[in-house]
Amino acid sequence: MAFHAAHWVPFFRPRPPMSDVSLMHGIDYRAAIAALEDAGFWVVREGVHVVMTNGTRVLTVPCNDPIHPYTLEGLVRDAGMTSEQFRKLL
C-alpha cells in the first residue's frame, strides 16, 4: 500500500489549557501521596510508581521529585477532586 499524503494525519493532540493545578509546581511525590491518603486513598503497591486506590478508583503516582504539573493535574482529576480540594490537603 502506498503512502498518500491526503490520508496522513499528524500525531498531534493539543493539550487543554492547564487549570490552576499548574500553580502547584514543585510538589514531591511524598507530599502528593500524603494528601491522597488524607483524601481516603491507600497504598496498594510501591515500586518505581506508587499505586493507590480508594476501593473504586486506582491512581498511579510516579516517584518523581517534583511531579510534573501535567501529571499532577491528571492525578487530581482522576482522584475526583478539584485543585482547591487537593491544595487544602497539602
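Where a number appears in this text, it was derived from the coordinates with a stated rule and is not lab data. Just so you know, these numbers come straight off a predicted model, no measurement behind them. Here Cβ is always computed from backbone atoms with ideal geometry, including for glycine, and neighbour counts include all displayed protein chains.
Residue by residue, here is whether (1) touching a Cys at 6+ places or on another chain (Cβ under 8 Å); (2) of a type in the set (S, T, N, Q); (3) within 13 Å of R30 (Cα to Cα) holds:
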{"residue": "V43", "(1), (2), (3)": "no, no, yes"}
{"residue": "R57", "(1), (2), (3)": "no, no, no"}
{"residue": "V61", "(1), (2), (3)": "no, no, yes"}
{"residue": "N64", "(1), (2), (3)": "no, yes, yes"}
{"residue": "H68", "(1), (2), (3)": "no, no, no"}
{"residue": "D78", "(1), (2), (3)": "no, no, no"}
{"residue": "S83", "(1), (2), (3)": "no, yes, no"}
{"residue": "K88", "(1), (2), (3)": "no, no, no"}
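Within the set of pairs 6 or more residues apart or between chains, which connect a residue that is on the phi < 0 side of the Ramachandran plot inside region 64-90 to a residue that is assigned to a helix (DSSP H, G or I) and of a type in the set (D, E, K, R) with Cβ atoms less than 6 Å apart?
From region 64-90, the pairs are S83/D20; L89/D38.
Inside region 26-63, can you point out the residues that are surrounded by 14 or more Cβ atoms within 10 Å (Cβ to Cβ) and assigned to a loop (DSSP other than H, G, I, E, B)?
Matches in region 26-63: I27, A39, F41, N54, C63.
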